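In what follows, a single structure is set out as structure tokens and then discussed.
Just so it is clear, none of the values below were taken in a lab; they were calculated from the coordinates. The shown structure was predicted, so the numbers you read here are calculated from the model rather than taken from an experiment. Because the Cβ atoms are built from the backbone with ideal geometry, glycine has one as well, and the counts that use them run over all protein chains shown.
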Amino acid sequence: MEIRFLGHSAFELVDGATTVLIDPFLTGNPKAATTAEELHPDAILLTHGHADHIGDTVQIAKRTKPAVVAIVEIARELAEDGLDNLHEPNIGGTVRFDWGWVKLVPAWHTSTTPKGTVNTPAGLLVHIGGKTIYHLGDTGLFSDLALMSGMASRAGVAVAEAPGGAIDVALMCIGGYFTMDRFDAVEAARLVGARQIIPCHYDTFPPIETDAQAFKTDVEAEGLAEVVVLEPGARHEP
Ligand code: NI
Ligand code: MN
């Protein structure tokens with residue numbers, strides 16, 4: 001499978017003919033690698049309802065009719081917006097598809113949608129193409145990040161099948177101000193124990209400018225993970 005960074009916190013996970021889109025914030029995103037009109041996902045997964053994550057979900061979903069996974073309060077708002085094919089889990093829940101599964105896990109943040117729906121933010125453990133990808137969502141550093149690898153295992157991956165741990169790639173916010181910064185993210189890398197980390201949620205706006213290469217140096221100096229810094233639009237095969 002292949003991971004494509006679309007800018008900010010948006011990613012596509014592609015396995016053969018299946019495309020899973022996470023946090024599709026393209027319109028108004030100064031780092032967007034594409035436009036909402038060019039995307040044709042089979043599923044859209046949301047970490048939380050802030051505008052820089054829910055983004056173009058309604059517009060894309062009305063056009064391409066993907067499955068949409070969002071925590072129940074957001075899913076109900078999306079239903080009122082006219083979307084169907086919605087899945088509305090809550091923290092700890094797993095939604096299974098023929099291409100894999102997604103499990104909602106805790107994240108420490110706040111969230112209200114642009115329309116005013118208050119909702120609990122989540123991280124997403126996603127299994128696709130034999131790989132487990134962990135999108136941390138927006139979060140500060142918290143000790144339960146050490147539980148994520150086990151939660152991925154119990155959701156369906158034997159650790160033995162994934163050398164180096166149950167999580168192959170962590171998509172990790174490092175920009176600070178709205179989330180943990182690159183220094184706390186080094187400790188997050190230690191707790192999560194992913195084989196590879198792709199940093200995100202930085203350099204989109206002035207308050208979240210940071211040095212991703214310095215984060216890579218710090219994480220790799222401690223032997224915690226391989227850090228893959230992607231420019232918006234770039235792809236990575238884990
Ligand atoms: Ni947020
Ligand atoms: Mn955000």
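Protection proxy ranking of 5-14, 190-199, by the mean of other Cβ atoms within 10 Å over each peptide's residues and highest first, is 5-14, 190-199.
The charge dipole of segment 1-147, taken about the Cα centre with unit charges on the Cβ atoms of Lys, Arg (+1) and Asp, Glu (-1), comes to about 140 debye, rounded to the nearest 20. Database remark: amide H of Asp181 closer than 5 angstrom to the amide H of Gly176 (H placed geometrically; neighbours at sequence offset of 5 or more, or on other chains; Pro and chain starts carry no H). Cross-link check: pairs Lys65/Lys115; Lys62/Lys216; Lys31/Lys216 evaluated at a Cα-Cα cut-off of 32 Å; pairs beyond the cut-off: Lys62/Lys216.
Ranking Val126, Val219, Leu230 by how far each Cα lies toward the positive end of the dipole of the chain (charges on Cβ) leaves Val126 at the top.
Considering the zone a paramagnetic label at Thr110 would reach in this model (a point 7 Å from Cα along the Cα-to-Cβ line), which residues of segment 29-66 have amide N under 14 Å from it? Only 49-51 fall inside the zone, counting backbone N under 14 Å.
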